[in-house]
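Report on one structure; see the data block that follows.
The values are calculated or read from the model by the stated rules, or taken from the named source; none is laboratory data. For clarity, every value in this text was computed on a predicted model and none was experimentally measured. For neighbour counting, all protein chains shown are included, and Cβ atoms are generated from backbone atoms with ideal geometry for every residue, glycine included.
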């Protein structure tokens, strides 16, 4: 199978002496850095850490569910474990995953700027993230929290006697980290574009981050104030959500989902950006229907604010509201469908190769299609009644979040690894990891659709006997999946030292980030580029190469 | 190759509104208007207007807020992007309030 | 084969009991399943389409075969196709789903009402005849059953997968769901909204009986006092009858035949009297004053348990004349004040919260 | 490959030496930097709108549900203090605007005095808020287990003379919802004021030492935006909390 990889001659190649990693030395030069690339690396390390903590908790959950009884741990412990799994994975992994690492690293370079608009705020956002993470871990160690990541009132305000306050404040703090990241991206994309870099020359990665940032900036504060009210209700005893004082617990649901539904798009949109880049690069072709894909991101962001109550169809919201929200939910599904078909047609008449990022991207397309289509089952109010709050919904959002977002994250990490570190990851074993992840994933989560259809409720430590077989399948799959996730961390660490030197543009990609050295200079560009070429302009790239050959040769 | 002189964003000239210095007279007039608005809103709350009381109070508050945004916060003299940003904020705020209230209002309509 | 016996056993068991959907034991279940099948088919077609496109293109245009890509801008026609077709399908699903939603949450007027109270961590069912059940529910086939739900503490969710129905039990508010069971048997009853430590223990069984068996069950498990009877006692012991007695000079409106009628409130708002209204009027009377009456009714918040409220509501629902109200009024009027006289009776009114 | 036409990658430095002192390295011009910063500030204010948006949503819903309780609760607030506070805040917005103008026109004294004025007015606002909160504390109107709604069932003769009607007990209990929102909304607002005053102090010190006279006044301008935003929140809080049906 042929590839597009074009590495420099390994015998003579070397990593540029001056780059953002070697620029300064010492721990403090990292901890006080304003360089978006270094902050991205800090994020990458801390996010990976939290991913493995969350993953270990997921392992515990699957082990407990191996048998119908609650035998590995008490129901109380189980409740704390799945709550922590949710909190860590959502607020400390999925929300910041692609934006804070890849987005942080790449957006300034892609728009042709030397840094994000507010480097100090960028660093502050990492510290807030770490503070939120430490508070979450502190809450976990000092007794945990057992409300589920949704903090349903009055459970969280009056009936739980665990660390709700600490966890709530942790999410509050981590939320501001996300707000600042989003704010930085919006300002950077608006204000820091290089000359000639018009909106429709922006890579789709930037478009989808722009859309996600809008959601971060406008949605997260609502979660923040909601959590403040929960904390006040728990500590002082104000009565905004308390039914015994005349408050309405459904109001909490409204405010919570006003953020937490758009949060799903905050998580998935950046992933979609990665997929656009990867599919275009490995099929050597402009993304089919660039404008449609770009606008579908924005459409998802805008419609994303109108659909939150579909999480509440059975919760006694008015029937009229159900109608409206169900209809809008169906509308928001369309832009995702548009994207999928556009990606598929990007392959048409391309020149396709199958490096690891592309394999992950294919995985993304399959799993996200399933995740998206099963979302329609839940958006249609009649079938939602049967399926909601069962393992069907668990499977659905894991297909979107893990099958979609995590695949996209891994795809992006592999794709830009040469740029970030200057070295290639080992191709064969990483292709194996991608396949193992895909198989393990389906093995883990597909049975959950079936068991959910049969009616097994979510968040159950013990379950009726007849659901066991499917749960055993799921747990077995989770072990495979675990291997799939452990492999990359091992070989990526290995490649830091032993990987082949990548050169500037190993994938022959068109983005601005590939036209500079790897790893980049601290200031990215020695002079600000003037963009004359189109986006995904492979013909331009080929002309550049010819030009070079004629000049050098 | 890239020289700094040519690097201004020629492609979006509308975003480069001149930095406008608002004269203190304008500020003083706005201050006066805000104080008058406050007086009216207090006075209006003592009048019996039935369902119009909150409407009047909110209308006055919105007018005052608009004055502050336009003049004290210089939005009147800012670029389209800034105006759009403020608009986006108000729009999302209205979605939050409006769509939440739509549930509460229609709950009172009964079953169907 | 190298399969271990344990795994073998699993596989056999799974093959034998393989099912994709739970049994269809209610009238609505086949209708929900029809939509589920439709959606599954559409999804499969969509998935296969995407899969085929990706696979075919990957094979046809792999680098070995097609070394140079042809740059294509896009196609408005194709763009429109895959916007409009999914949109159309989604809209069909929306309409179909909404119709089902209305059916599931709109009880027919002749439905038999059973009250279910959720609390950490059990379901308490109250039948109109006074039968109490915990974590089980007996219902007859062939008769629409309306479940009126409420929670005493946190959110719970009342779910019977075999009937394809589910409804949140909310603290402080009645919600309803209905079903008509078709096949006798025992089915799962789950709490699907996470509600604390023993959430996974908050499961019960729905026993669907033939009408004859159901009659037998009713007779065999009656507590001797129907909900309405219990409500009547509460009505007297809480002195509701002092005002709501239908006499010309009474301070409260007559409650005979009030259920199902349309009232005009002092706020000028017309309201249909249903269970939720009755409950609210007992707990938050000042917002629910009938036109022509003074807002003098005290609140009973914190004084009656949810079960007590259910009894009162059921009593008021079935009240068709004030004759007995006035009778009790006369007898209680003769008796000296006896705060705990109800509990001294063998079958005392249940539901008054003791201070 | 890096030496493409688009990206000149000569190792030489660009003209760092010519930069104005406040221009950060990643901006091309002062103009770009100022616009960027003010755009960032506006985006931050959007998050603030949504932050208060959650509270306003809750307020609107409960006001519709428990209108009599909201009226009774509102009548417990002192309209004099409320109006005075509105006055203070509007004036402080004006002095802040004058401060920005002074900085723009490089008037050192004007800037210092405007900031001092803003500071005094802001502290005055918080002082009055303290008086009001203390009164609420004494009346047991702070939500929580000390909250006392019985006073709304049996108003004092003076309150009746002012036109307050006794509430039914069930409605009187709902005044706790009103006061919960009152404290949440004014508390969040006061928190923003406190943060603002802290920033203002820092700015004042710098201004007194002769800062902001070199044309680099982004901080003054953006602080001004923040301060005006806090003022706008109060412009809404005042009628919504203090002025419900005063005619009754």
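Screening residue A:441 on (1) under 26 Å from the mean Cα position of the chain (by Cα); (2) modelled with pLDDT under 95 shows it passes everything except condition (2). Restricting C:159, C:200 to residues that are assigned to a strand (DSSP E or B) and either without any contact (Cβ under 8 Å) to a residue 12 or more places away in the chain or crowded, with 24+ Cβ neighbours inside 10 Å (or both) narrows the list to C:159. If you go through the range D:69-91 and keep only what is within 9 Å of chain B (Cβ to nearest Cβ) and within 28 Å of residue D:172 (Cβ to Cβ), you end up with D:79, D:82, D:83.
Of the residues in the range C:288-297, at least one is within 10 Å of another protein chain (Cβ to nearest Cβ) and closer than 27 Å to residue C:109 by Cα.
Yes/no per residue for (1) surrounded by fewer than 24 Cβ atoms within 10 Å (Cβ to Cβ); (2) in a helix (DSSP H, G or I); (3) in contact with a helix residue (DSSP H, G or I) (Cβ under 6 Å, 6 or more places away or on another chain):
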site	(1), (2), (3)
A:138	yes, yes, no
A:146	no, no, yes
A:149	yes, no, yes
A:162	yes, no, no
A:179	no, yes, yes
A:205	no, yes, yes
A:218	no, yes, yes
A:229	no, yes, no
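Each row is one residue, and each column tells you yes or no for (1) surrounded by 24 or more Cβ atoms within 10 Å (Cβ to Cβ); (2) closer than 27 Å to residue A:249 by Cα; (3) in contact with a strand residue (DSSP E or B) (Cβ under 7 Å, 6 or more places away or on another chain).
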{"residue": "A:303", "(1), (2), (3)": "no, yes, no"}
{"residue": "A:306", "(1), (2), (3)": "no, yes, no"}
{"residue": "A:339", "(1), (2), (3)": "yes, no, no"}
{"residue": "A:346", "(1), (2), (3)": "yes, no, no"}
{"residue": "A:357", "(1), (2), (3)": "yes, no, no"}
{"residue": "A:361", "(1), (2), (3)": "yes, no, no"}
{"residue": "A:392", "(1), (2), (3)": "yes, yes, no"}
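Inspect the range A:466-489 for any residue being more than 30 Å from residue A:392 (Cβ to Cβ), more than 14 Å from chain C (Cβ to nearest Cβ) and in contact with a strand residue (DSSP E or B) (Cβ under 9 Å, 6 or more places away or on another chain) and give the result as yes or no. Scanning the range A:466-489, I find no residue that is more than 30 Å from residue A:392 (Cβ to Cβ), more than 14 Å from chain C (Cβ to nearest Cβ) and in contact with a strand residue (DSSP E or B) (Cβ under 9 Å, 6 or more places away or on another chain), so the answer is no. Within the range B:58-75, residues that are facing another protein chain (nearest Cβ under 7 Å) and at positive phi have Cβ atoms under 6 Å from residues that are in a helix (DSSP H, G or I) and crowded, with 21+ Cβ neighbours inside 10 Å in no pair, counting only partners at least 6 apart in sequence or on another chain.
Residue check: is residue D:214 buried (at least 24 other Cβ atoms within 10 Å of the Cβ) and away from chain A (no Cβ under 13 Å)? Working first, answer last.
Working: buried (at least 24 other Cβ atoms within 10 Å of the Cβ): no; away from chain A (no Cβ under 13 Å): yes.
No, not satisfied.
Screening residue A:320 against (1) more than 18 Å from the chain's Cα centre (by Cα); (2) within 14 Å of chain C (Cβ to nearest Cβ); (3) buried (at least 24 other Cβ atoms within 10 Å of the Cβ) leaves a single unmet condition, (3). With the condition kept exactly as written, say whether any residue in the range C:75-87 is facing chain A (nearest Cβ under 7 Å), under 22 Å from residue C:36 (Cα atoms) and surrounded by fewer than 20 Cβ atoms within 10 Å (Cβ to Cβ). Yes, there is a match, as at least one residue in the range C:75-87 is facing chain A (nearest Cβ under 7 Å), under 22 Å from residue C:36 (Cα atoms) and surrounded by fewer than 20 Cβ atoms within 10 Å (Cβ to Cβ).
Got a number for residues in the range C:167-185 being free of Cβ contacts under 8 Å to residues at least 60 places away in the same chain, in contact with a helix residue (DSSP H, G or I) (Cβ under 9 Å, 6 or more places away or on another chain) and in a strand (DSSP E or B)? The qualifying residues number 4. Restricting attention to the range C:107-128 and to residues that are buried (at least 16 other Cβ atoms within 10 Å of the Cβ) and not in a strand (DSSP E or B), the residue that is nearest to the other protein chains (Cβ to nearest Cβ) turns out to be C:120. For residue B:49, the conditions (1) in contact with a helix residue (DSSP H, G or I) (Cβ under 7 Å, 6 or more places away or on another chain); (2) part of a helix (DSSP H, G or I) all hold with the exception of (2). Among the candidates D:101, D:65, which residue alone is within 8 Å of another protein chain (Cβ to nearest Cβ) and within 19 Å of residue D:215 (Cβ to Cβ)? None of the other options fit; the residue is D:101.
Every residue in the range A:343-366 that is facing another protein chain (nearest Cβ under 8 Å) and under 21 Å from the mean Cα position of the chain (by Cα), please. I'd like the intermediate steps shown before the answer.
Start the filter on the range A:343-366 by keeping residues that are facing another protein chain (nearest Cβ under 8 Å), which leaves A:344-345, A:347-354, A:362, A:365-366.
Passing the criteria: A:362, A:365, A:366.
Looking only at the range A:108-121, decide whether some residue is buried (at least 22 other Cβ atoms within 10 Å of the Cβ) and away from chain D (no Cβ under 14 Å). Looking through the range A:108-121, none of the residues is buried (at least 22 other Cβ atoms within 10 Å of the Cβ) and away from chain D (no Cβ under 14 Å).
Would you call residue D:232 surrounded by fewer than 15 Cβ atoms within 10 Å (Cβ to Cβ) and either closer than 30 Å to residue D:71 by Cβ or within 19 Å of the chain's Cα centre (by Cα) (or both)? Against the criterion (surrounded by fewer than 15 Cβ atoms within 10 Å (Cβ to Cβ) and either closer than 30 Å to residue D:71 by Cβ or within 19 Å of the chain's Cα centre (by Cα) (or both)), residue D:232 does not qualify.
For (1) in the same structural domain as residue C:122 (by TED's automatic domain parsing); (2) more than 17 Å from residue C:118 (Cβ to Cβ), each residue gets a yes or a no:
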residue: C:159; (1), (2): yes, no
residue: C:168; (1), (2): yes, no
residue: C:183; (1), (2): yes, yes
residue: C:218; (1), (2): yes, yes
residue: C:242; (1), (2): no, yes
residue: C:249; (1), (2): no, yes
residue: C:252; (1), (2): no, yes
residue: C:257; (1), (2): no, yes
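Is it fair to say residue A:247 is within 14 Å of chain C (Cβ to nearest Cβ) and either buried (at least 22 other Cβ atoms within 10 Å of the Cβ) or under 28 Å from residue A:345 (Cα atoms) (or both)? So residue A:247 passes the test.
Condition check ((1) within 12 Å of another protein chain (Cβ to nearest Cβ); (2) in a loop (DSSP other than H, G, I, E, B); (3) in contact (Cβ under 8 Å) with a residue 60 or more places away in the chain; (4) closer than 25 Å to residue D:51 by Cα) across all residues:
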{"residue": "D:130", "(1), (2), (3), (4)": "no, no, no, yes"}
{"residue": "D:134", "(1), (2), (3), (4)": "no, no, no, no"}
{"residue": "D:137", "(1), (2), (3), (4)": "no, no, no, no"}
{"residue": "D:140", "(1), (2), (3), (4)": "no, yes, no, no"}
{"residue": "D:144", "(1), (2), (3), (4)": "yes, yes, no, yes"}
{"residue": "D:158", "(1), (2), (3), (4)": "no, no, no, no"}
{"residue": "D:165", "(1), (2), (3), (4)": "yes, yes, yes, no"}
{"residue": "D:172", "(1), (2), (3), (4)": "yes, no, yes, no"}
{"residue": "D:177", "(1), (2), (3), (4)": "yes, no, yes, yes"}
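In the range C:49-74, the residue that is nearest to residue A:330 (Cα to Cα) out of those that are within 7 Å of another protein chain (Cβ to nearest Cβ) and part of a helix (DSSP H, G or I) is C:50.
Out of contact with any helix residue (DSSP H, G or I) (no Cβ under 7 Å at 6 or more places or on another chain), facing chain A (nearest Cβ under 10 Å) and closer than 24 Å to residue A:242 by Cα - does that describe any residue in the range D:26-48? Scanning the range D:26-48 turns up no residue that is out of contact with any helix residue (DSSP H, G or I) (no Cβ under 7 Å at 6 or more places or on another chain), facing chain A (nearest Cβ under 10 Å) and closer than 24 Å to residue A:242 by Cα.
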